[in-house]
Amino acid sequence: MPRKKYIVTLTPEERQNLERISQTGKTAAYIMTHGRILLKADTAQPSGGWCDAKISAAFICQMEEVLELYRQPEEPNYPLVCFDETSKQLTKETHLPQEAEPGQVAREDYQYERNGTANLFMFSAPLKGWQHVAVTDRRTQIDYAEQMKWLVDVAFPDAVKVRVVQDNLNTHVKASLYKAFKASEACRILNRLEFNYTPKHGSWLNMAEIELSVLSRQCLDRRIPTQENLKEEIRIWEESRNHSGKTIDWQFTTEDARIKLKHLYPSFQD
């Protein structure tokens with residue numbers, strides 16, 4: 001069976017508009033992602049666009065590597081930590097909300113004032129039922145490197161090596177630590193880390209996204225005016241979540257993938 005090809009043909013104007021949207025950083029994340037996919041799939045570019053033959057082998061390789069890691073039992077000396085990040089829009093009230101009264105629900109004005117954004121780094125140890133969220137101004141290579149240092153020196157100081165599952169964001173690279181620290185310090189930290197990457201366009205394989213979803217529903221689904229308020233709200237959520245000790249029961253296995261995602265696997269003639 002011939003490989004499926006994603007057929008999208010963009011006009012020069014459409015391509016220019018999508019490039020602007022996907023590069024400004026002032027658009028919703030899902031719109032930026034959709035725009036980048038359309039740009040990659042554009043048959044008018046020299047490469048001719050994406051096709052299964054180009055992406056399936058790399059996707060499968062990374063997916064099975066992560067799935068095999070997930071099926072291993074907990075090992076205290078080699079803890080598994082999933083790492084991801086997101087942002088939170090900070091918003092101020094323009095009018096004081098009205099508290100609930102007998103016969104009347106709480107009310108807030110639909111208008112609000114934007115007050116910047118904050119970056120959230122999520123650590124999740126799914127086999128331990130442990131989470132930690134760091135709130136920062138930015139998500140640069142320096143910020144990422146500082147989080148990795150915290151992970152090995154503070155969170156798991158006695159571990160031989162921390163196995164980190166993360167996506168392919170351009171800051172999630174070993175070079176970030178060499179940019180942030182002296183070579184000897186960067187090398188020390190990296191010797192205690194093992195990086196495992198989800199496939200490109202396969203971030204759903206990162207269990208940290210599950211905890212980000214829980215955090216969003218339980219803590220971030222309301223207006224939070226300042227970064228200080230955000231840190232306090234997350235601190236309370238984190239303490240409660242860790243106290244509950246809820247682990248993630250990951251069900252999707254390599255065997256499941258070879259059945260349900262069979263169309264991604266190369267076919268061979270016997």
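Every number in this text was worked out from the coordinates using simple rules, so none of it is lab data. Values in this document were obtained by computation on a predicted structure and should not be read as measured data. Ideal geometry is used to build each Cβ from the backbone, glycine not excepted, and the neighbour counts take in all protein chains shown.
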Query raised in the report: Length gain on complete extension for the stretch L69 to Q89, per 0.36 nm per residue less the alpha carbon to alpha carbon distance?
Result: 3.8 nm
Query raised in the report: Pulled fully out, how much extra length does the chain show between T253 and Q218, if you take 0.36 nm times their separation in residues and subtract their Cα-Cα distance?
Result: 9.8 nm
Query - Approximate spin-label separation D158-K231, in nm, with each point projected 7 Å along Cα-to-Cβ - result: 2.9
Query raised in the report: Taking the chain as a Gaussian network, where each spring joins two C-alpha atoms under 10 Å apart, which residue of E209, E238, E14 fluctuates the most?
Result: E14
Report summary line: Correct semi-axes for region 200-270, from √(5λ) of the alpha-carbon gyration tensor and rounded to whole Å with the largest first, are 38, 15, 8
Report summary line: Cα extents of the chain per principal axis, largest first, Å, are 72, 53, 44
Report task. Give me the distance in nm between label points sitting 7 Å out from Cα along the Cα-to-Cβ direction at A44 and E14, one decimal. Result -> 0.8
Query raised in the report: Between their Cα atoms, which of K200/K246; K200/K260; K161/K246; K128/K231; K88/K246; K92/K231 are more than 21 Å away from each other?
Result: K200/K246; K161/K246; K128/K231; K88/K246
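Only Cα pairs under 8 Å and at least 6 apart count here; give the relative contact order of the chain as a rounded whole percent. Before the final figure, lay out the partial values.
Working: 375 pairs, mean separation 58.8, N = 270.
It comes to 22 percent, rounded to a whole number.
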